[in-house]
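K.L.:
Below you'll find the structure I mean.
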Amino acid sequence: MTDDPMRPDRLELRRAGRNLRSRGRIPVVFGGLRDERGIRVTTTSGARTATLTTIVVRPDRGLGGRSWASGQPQAVSDYARATDITHDFDRQILGEGIVGLAVAPIIVHNRVAGLLYGGYRGELHRAGDLDLLGHEAGQVAQELLVRDLVDERVRAMRVRETRPAAGQAHPELSEIFARLRQVAARTTDPRTAHELRELLDLQSDPGHDRRLTTRQVDVLALVALGMTNERIAASLGLSCLTVKSYLRSAMARLGAGTRYEAVIEARRLSILP
C-alpha cells in the first residue's frame with residue numbers, strides 16, 4: 001500500500017486497506033485524513049497508478065464529499081453514469097479503471113476526520129462490502145481516538161510538571177481532566193473506556209485520596225469548570241437530580257459546605273488537578 005511509513009495515522013489506513021482487500025476482496029482501497037485543505041488521499045492499495053493521491057475532497061465534491069456532508073457511507077454502482085454526485089475526480093477515478101465506488105467516513109469526536117474508499121473494476125453489487133467498509137472506517141476512527149487521548153495524556157503530564165501547589169487550580173490541566181472524564185462517561189466502547197480510565201489514573205499521585213466514587217469525581221471536575229448542574233447533566237448523560245445527588249454526596253464526604261468548597265478540598269487532596 002502506497003504511503004509514508006513514518007506516519008502512524010497512515011499506517012491505520014494501510015491496515016484497513018489490507019483487511020478490505022483480503023476479507024472483502026475489494027480490488028482498490030484508498031483513503032486519507034482531514035487537514036486544513038480538505039481530505040487528501042494519501043494511502044492507496046491495489047492502484048495501478050499514483051493519480052488517486054492527487055484527490056483532495058471537500059464536502060461539496062464527489063461521492064466522498066457527499067459522504068462527508070452526510071456523515072454516512074455512500075456508494076454508486078456505476079460511477080461514470082452517476083447523476084447525483086459531482087464529477088470533479090473523473091480523471092483519477094476513471095483513469096484507474098474504477099466502475100463501482102463506495103466510501104465511508106472516518107468519524108472522531110462527532111467530526112468527519114477522514115474518508116475510506118473501496119473501488120471496483122466492475123459494477124458494485126455486494127451490499128455487504130459497504131458494511132465492511134463502514135466497519136473498517138470505524139476501526140480507524142477508534143485508533144485515532146485513542147491516539148488523541150494519548151496526546152492529551154502527554155499534554156497533561158507536561159502541564160502537571162508545572163502545576164501549582166495543592167489546593168490551587170491549574171486551568172489547562174483542569175480542562176483536559178474534565179474533557180477526558182466526559183468522554184469516559186459517554187463512550188459505549190469498553191476498550192475506549194478502559195484506555196480513558198488508565199489515562200485518568202495517571203493524573204493523580206500514587207496513593208491519592210480515593211474517598212470519592214468515579215461519578216462523584218466526574219461531577220466535581222465539571223463543577224470546577226464553572227458548569228451548572230443542567231450542563232453537567234447534559235455532558236455526562238445524567239438527569240439533573242442524579243447530578244445533585246452525586247454532588248451532595250461528594251460535599252458530605254469532603255466535609256464541604258458548598259460546591260466550590262468541595263472543589264477546593266478535592267484539589268487539596270489531589271483528587272482534582
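The values are calculated or read from the model by the stated rules, or taken from the named source; none is laboratory data. Keep in mind the model is a prediction, meaning the values are calculated, not measured. Cβ coordinates were reconstructed from backbone atoms using ideal geometry, including for glycine residues, and neighbour counts include every protein chain displayed. Ligands, DNA and RNA are excluded from the accessible area calculation, which covers all protein heavy atoms including side chains. Shrake-Rupley method; radii C 1.70, N 1.55, O 1.52, S 1.80 Å.
K.L.:
Consider the stretch 214-235. How many of its residues are among the hydroxyl-bearing types (Ser, Thr, Tyr) and in contact with a helix residue (DSSP H, G or I) (Cβ under 6 Å, 6 or more places away or on another chain)?
P.N.:
Number of matching residues: 1.
K.L.:
Limited to the stretch 81-95, what total is found for residues that are in a helix (DSSP H, G or I), open to solvent by 20 Å² or more (accessible area, probe 1.4 Å) and either free of Cβ contacts under 8 Å to residues at least 40 places away in the same chain or touching a Phe, Trp or Tyr at 6+ places or on another chain (Cβ under 9 Å) (or both)?
P.N.:
Count: 3.
K.L.:
Here is a further query. Here are some conditions: (1) open to solvent by less than 20 Å² (accessible area, probe 1.4 Å); (2) within 14 Å of Ala178 (Cα to Cα); (3) out of contact with any Cys (no Cβ under 7 Å at 6 or more places or on another chain). Val243 meets all but one. Which one does it not meet?
P.N.:
Going through (1) open to solvent by less than 20 Å² (accessible area, probe 1.4 Å); (2) within 14 Å of Ala178 (Cα to Cα); (3) out of contact with any Cys (no Cβ under 7 Å at 6 or more places or on another chain) one by one, Val243 breaks only (2).
K.L.:
Given the criteria open to solvent by 10 Å² or more (accessible area, probe 1.4 Å), in contact (Cβ under 8 Å) with a residue 60 or more places away in the chain and either closer than 22 Å to Leu20 by Cα or touching a Phe, Trp or Tyr at 6+ places or on another chain (Cβ under 8 Å) (or both), does Arg48 qualify?
P.N.:
No: the conditions fail for Arg48.
K.L.:
Residue by residue through the stretch 76-98, note down the ones that are touching a strand residue (DSSP E or B) at 6+ places or on another chain (Cβ under 6 Å) and aliphatic (A, V, I, L, M).
P.N.:
Val76, Ala82, Ile98
K.L.:
Would you mind stating whether Ile98 is open to solvent by less than 20 Å² (accessible area, probe 1.4 Å), part of a loop (DSSP other than H, G, I, E, B), in contact with a helix residue (DSSP H, G or I) (Cβ under 7 Å, 6 or more places away or on another chain) and more than 19 Å from Arg37 (Cβ to Cβ)?
P.N.:
Judged against the criteria, Ile98 is a match.
K.L.:
Which count do you get for residues in the stretch 29-41 that are modelled with pLDDT under 95 and among the aromatic types (Phe, Trp, Tyr)?
P.N.:
0
K.L.:
Let me spell it out: the conditions are (1) acidic (Asp, Glu); (2) surrounded by fewer than 20 Cβ atoms within 10 Å (Cβ to Cβ); (3) farther than 15 Å from Pro27 by Cβ, and Glu123 meets all of them except one. Which number is the exception?
P.N.:
(3)
K.L.:
Taking the stated definitions as given, is Ile26 open to solvent by less than 20 Å² (accessible area, probe 1.4 Å), in a loop (DSSP other than H, G, I, E, B), at negative phi and modelled with pLDDT of 90 or more?
P.N.:
yes
K.L.:
Looking at the stretch 7-19, is at least one residue open to solvent by 70 Å² or more (accessible area, probe 1.4 Å) and in contact with a strand residue (DSSP E or B) (Cβ under 6 Å, 6 or more places away or on another chain)?
P.N.:
no
Yes/no matrix, rows are residues, columns are (1) at pLDDT 95 or above; (2) not small (Gly, Ala, Ser):
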{"residue": "Thr43", "(1), (2)": "no, yes"}
{"residue": "Thr49", "(1), (2)": "no, yes"}
{"residue": "Leu52", "(1), (2)": "yes, yes"}
{"residue": "Val57", "(1), (2)": "yes, yes"}
{"residue": "Asp60", "(1), (2)": "no, yes"}
{"residue": "Tyr79", "(1), (2)": "yes, yes"}
{"residue": "Gln92", "(1), (2)": "yes, yes"}
{"residue": "Ala104", "(1), (2)": "yes, no"}
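K.L.:
Being surrounded by fewer than 15 Cβ atoms within 10 Å (Cβ to Cβ), over 24 Å from the mean Cα position of the chain (by Cα) and part of a loop (DSSP other than H, G, I, E, B) is the filter here; which residues of the stretch 57-80 pass it?
P.N.:
Across the stretch 57-80, the qualifying residue is only Asp78.
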